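Have a look at the structure below, then the notes.
Computed from the coordinates by the stated procedures, all read-outs in this text should not be read as laboratory data. Computed from a prediction, not measured in an experiment: that's the story for all the values here. Ideal geometry is used to build each Cβ from the backbone, glycine not excepted, and the neighbour counts take in all protein chains shown.
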Amino acid sequence: MNPIVPDMQDTRNRLFNLVRSNARVDALVRDAGGELSQMRTVKLKTIVPKLVTAEFFVLLSPGPTVEEVKFISGAEELRVATKALSSAKFDVLFPDDRKSKILRRGILMCHPGTAGCEFVLYPPDSVQSLN
């Protein structure tokens with residue numbers, strides 16, 4: 001077991017002791033997952049009116065301010081999204097007042113017939129490489 005990641009069964013047991021229903025525990029976990037995903041999502045205007053995706057790095061500093069955006073891979077027509085991502089509002093908390101920066105990786109998804117595109121930051125522990 002990874003010492004940094006808490007035992008999920010222990011967490012489920014503690015939650016069960018609070019709500020006394022496995023079905024309720026499952027519903028709470030499912031709802032929390034959706035909420036966490038929405039917290040990592042930034043809505044953008046339509047960049048490309050078709051189904052395309054691309055991955056980007058964003059470098060954030062306190063404010064939060066987008067200092068830099070870098071296209072990694074994906075649909076070439078989304079390369080121009082660096083401008084939209086540079087002016088996007090990211091809801092990120094910084095640990096203190098020092099000059100810190102956070103590098104995050106995410107996926108930009110555009111869908112036909114929707115009112116824009118979405119950029120979803122990957123959870124930091126899911127990023128395994130820089131490529």
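Could you count how many Lys pairs in the chain have their Cα atoms under 25 Å apart, skipping same-chain pairs fewer than 8 positions apart?
18
Counting other C-beta atoms within 10 Å, and keeping those with at most 13, which DSSP coil trypsin sites (Lys or Arg not before Pro) do you find in the range 92-122?
98, 99, 101
At 7 Å along Cα-to-Cβ for each site, give me the label-to-label distance between residue 126 and residue 93 in nm.
2.1
Can you figure out the FRET efficiency of residue 30 with residue 50, using R₀ = 22 Å and their beta-carbon distance, to the nearest 0.05?
0.10
For residue 46, enumerate residues with amide H under 5 Å from its amide H, sequence gap 5+ or separate chain, H modeled in the peptide plane.
The list, which skips near neighbours in sequence, is 116, 117.
Hey, what number do you get for the chain at 222 nm if only DSSP H runs of n ≥ 4 count, each worth -39500 (n - 2.57), divided across all residues, to the nearest 500?
-8500 deg cm²/dmol
Taking amide H positions as placed in the peptide plane 1.01 Å from N, state which residues far from residue 68 in sequence (5 or more) or on other chains have amide H under 5 Å from it.
Residues meeting the criterion, in which the H sits 1.01 Å from N, are 59.
Using the count of nearby Cβ atoms within 10 Å as a rough guide to exposure, how do 59, 108 rank from fewest to most?
In increasing order of surrounding Cβ atoms, one gets 59, 108.
When the Karplus curve 6.51 cos²θ - 1.76 cosθ + 1.60 is applied with θ = phi - 60°, which whole-Hz ³J(HN,Hα) does each residue of the range 106-120 get, with x for Gly and Pro?
The phi angles translate into x, 10, 9, 10, 10, 10, x, x, 10, 8, x, 10, 10, 10, 10 Hz.
Using per-residue counts of other Cβ atoms within 10 Å, averaged over each peptide, order 11-20, 83-92 from highest down.
83-92, 11-20
³J(HN,Hα) across the range 13-29 via Karplus (A = 6.51, B = -1.76, C = 1.60, θ = phi - 60°), whole Hz, x for Gly/Pro?
Once rounded to whole Hz, the list reads 5, 5, 5, 4, 4, 7, 10, 6, 7, 5, 5, 5, 4, 4, 5, 5, 5.
How much length, in nm to one decimal, is gained on full extension between residue 38 and residue 114, taken as 0.36 nm per residue of separation minus their Cα-Cα distance?
Separation in residues times 0.36 nm, less the Cα-Cα distance, equals 25.7 nm.
Shape of the range 15-131 from its Cα gyration tensor (a ≥ b ≥ c, root eigenvalues): rounded if a/c is under 1.5, otherwise prolate when a/b > b/c, or oblate?
Oblate shape, in that a/c is at least 1.5 and b/c is the bigger or equal ratio.
Provide the per-residue ³J(HN,Hα) series for the range 67-74, in order, calculated from phi with Karplus coefficients 6.51, -1.76, 1.60 and θ = phi - 60°, each as a whole number of Hz, with x at glycine and proline positions.
Per residue, the Karplus-derived 3J(HN,Hα) values read 8, 7, 10, 10, 5, 9, 6, x Hz.
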